[in-house]
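Readers should treat all values here as calculations from the given coordinates under stated rules, not as data from a laboratory. Keep in mind that this is a model prediction, so the values were computed, not measured. Note: ideal-geometry Cβ built from the backbone for every residue, glycine included; neighbour counts use all protein chains shown.
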Amino acid sequence: MKPVPDYILPAWTADAAAHFIGKSKASVADVHEIAAPEEAPEAILAILTGAGLAPRLHLPAHSPLNALSWQRAPGLAVVQGLPSGDDNAFSGADYGIAETGTLVFLSGPQSASSWHFRPGREFVLLRRSSILPRFEDIIALLSAEGRMPATLNLVTGPSRTADIEQTIELGAHGPRAVHILIAG
Amino acid sequence: MTTDARNFPQAARAALRNERLQGALTHLKEGFQLKRAAAFAAYPIPFENLREQGRAIRDSALSQLDTLLLQFEAQVQAAGGHVHWARDAAEGREIITRILKDSGAKTVTKGKSMVTEEIELNPHLAANGITPIETDLGEYIIQLRNERPSHIVAPAFHLRRSDVEESFRKAHEALPPARLLDDRPALVAEARAVLRRHFEAADAGITGANFLVAETGTAIIVTNEGNGDLTRLLPRTHIVVTGIEKIVPQLADASILLRLLTRSATGQEITSYVSFMSGPKRANDADGPQNFHVVLLDNGRSGLLGSPAQEVLQCIRCGACMNHCPVYGAIGGHAYGATYPGPLGAALDPGLDGLAKTYDLPNASSFCGRCETVCPVKIPLTRIMRHWRNQAFSRGIPSSSFGTGLKLWAWVARRPRLYQMGTGVAARMLRLLAGAQPRLRSLPMLSGWFTARDLAKPAAASFQSEWRKRRGNCKP
């Protein structure tokens, strides 16, 4: 891909992760920081029981997330297979974009793009080191790959609509809630 | 879209008297104007710099449109997708129907696409035994009501919550009639459940594209609901339908325009979902459409290149112009009787549908210029409207009698003594009719003009006569 033109881009003083967290919360996502991915199962169980929700979670088949220490959250029922509109689902983000608190998902053999639009509640694991400042930084990485994935999704907070009387309601078709676990 | 923009004067008057519509239109300020202003105020880069970048990107793209479109086509084909070129609305409908029939599709879900409204796709599909189901909540609602969108971003802007409840109760017959639907969350939850079944059952999905990227063969959609993604990811076949002018050279160009688009449209830094689609699923991908088609629509756009109206092709469909337009704000979108309402429509519809049908739309403007000040790609909207007015006059549209009337007035106006005599007589008559009142409330045969206006009683002496009288006292 050709080099990026010299456009004026927004800048800020906070580090990428701190900026990401602020923007993500502003988009009505729930953000938690954990020391390592291994802590995710316990963190998810705590969020669900804390909100009085059924401790049941869908994992993508063939995902490396299946290898996390799920036995450390014995109350959590882990299911394989595509989630339905009221289910909880877990996946890993490829990158985060600090500018807007955005999660980046690339289609692939282990990552179904539709996963992020199906469940009622989405949990996402994001490594701190994967948080980049802007979408332009993602473009640079994709340039190095040489081609775009078939689908690249940017997800910022839950699904929403203002189509009825110009007032925001969450959960129009995609998830009603998004919980981001930043690890590292 | 077959327009009845020729009915614009009557439609506008009806809109002014429509109290429910007038109530809805009060939301333009809070719902759109203030949010947009707040978003750009919060952005560290001044709006004027941003929109100059946006204009430059769009202008440059239009100057190399053919090259970019061919590059896009090559990229899509290399990824295993198909590109189709539709000269006009009829060809667009025919291509899409053929793709669907060839794939055996019976039900099709649709993301929001103004271009599919432009080519009147839904009735054509239905007539060919294919059921289209709109999935954007606003589009779904108006589909149930058999209405057209009244705004390019918020299609159901003209409706109230109670209208939506009424439509859902009528359409969702399988659900218990005694259920409560008296608030927005209940309505959204019901739409979510009903449409989820349609998403899963659909044979094919049709979306628009906010932008096309030539370098990577990518189509981009911008939603808050996620309906566009469920539309295109679940079925076997995905068809993108969009105008040829939507293309930009690189992803970096699209990134700049996306920042302008979301702030200008809804005051958001980014929408919940922005999706970049670059062909069908790869062989090992966990999901994605097996068939990826892009239908590129011309329908009059290429005819605007090199014309004084070319810049309207820069439009990124944010809706800011209509959100800020005092005319749109008074009558809403349906009164325009054309696919695209507001200042965008006044500048674009004559190029797509012809002046004979749309001549009144460029006239529905006082040239206040508010649209131009908020346009994120600096389209000179009032200059383009003036171009269409000139065209209409020189072509004798709507009728040569209109031009004759103007020429008659011009004949008198060029003769100062005759003009002064005529206006002097008229002024004296109006003063007589007004009597002691400072304003006239009606005049014979002119009740239409007076339904929303008063006429001030002319002064006892005209400026000209006073000037002549007092001129002796003024030294040059």
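Odds and ends about this structure:
- Residue mean of other protein chain beta carbons inside 10 Å, A:83-94: 1
- Placing +1 on each Lys and Arg Cβ and -1 on each Asp and Glu Cβ, with no other charges, gives the protein assembly as shown a dipole about its Cα centre of roughly 4000 debye.
- Counting only residues at least eight positions apart within a chain, or on another chain, the lysines with an alpha carbon under 24 Å from that of B:Lys106 are B:Lys170, B:Lys281.
- Net length gained if the chain between B:Leu446 and B:Glu94 were fully extended (0.36 nm per residue, minus Cα distance): 121.8 nm
- With the biggest extent put first, the Cα atoms of segment B:416-471 measure 40, 24, 17 Å across the principal axes.
- Cross-link pairs beyond the 21 Å C-alpha cut-off, checked among A:Lys23/B:Lys35; A:Lys23/B:Lys110; B:Lys112/B:Lys246; A:Lys23/B:Lys112: A:Lys23/B:Lys110; A:Lys23/B:Lys112
- Candidate aspartates and glutamates - alpha carbon under 15 Å from B:Lys357, same-chain residues fewer than 8 apart omitted: B:Asp4, B:Glu118, B:Asp349
- Taking every DSSP beta bridge that has both ends in segment B:43-302, the antiparallel portion is near 25%.
- Taking A:Leu82, A:Leu103, A:Leu68 in turn, the Gaussian network model of chain A (Cα-Cα springs below 10 Å) assigns the largest fluctuation to A:Leu68.
- Spatial separation of Cα centroids for segment B:11-40 and segment B:353-430, in angstrom: 27 Å
- Only lysines eight or more places from B:Lys29 in sequence, or on another chain, were considered; none has a Cα closer than 21 Å.
- Computed from the C-beta positions of B:Arg417 and B:Arg453, the FRET efficiency with R₀ = 25 Å rounds to 0.25.
- Estimated FRET transfer efficiency when R0 is 60 angstrom, pair B:Ala460-B:Ser307 (beta carbons, to 0.05): 0.75
- Net lengthening on full extension, B:Lys407/B:Leu70 (0.36 nm per residue, minus Cα-Cα): 116.5 nm
- Estimated distance in nm for a label pair at B:Ala171 and A:Arg128, the labels positioned 7 Å out from Cα along Cα-to-Cβ: 4.8 nm
- Where labels lie 7 Å past Cα in the beta-carbon direction, separation of A:Ala46 and A:Ala144 in nm: 3.4 nm
- Residue (of A:Pro37, A:Gly85, A:Ile180) at the positive-pole extreme of segment A:16-183, dipole from beta-carbon charges: A:Pro37
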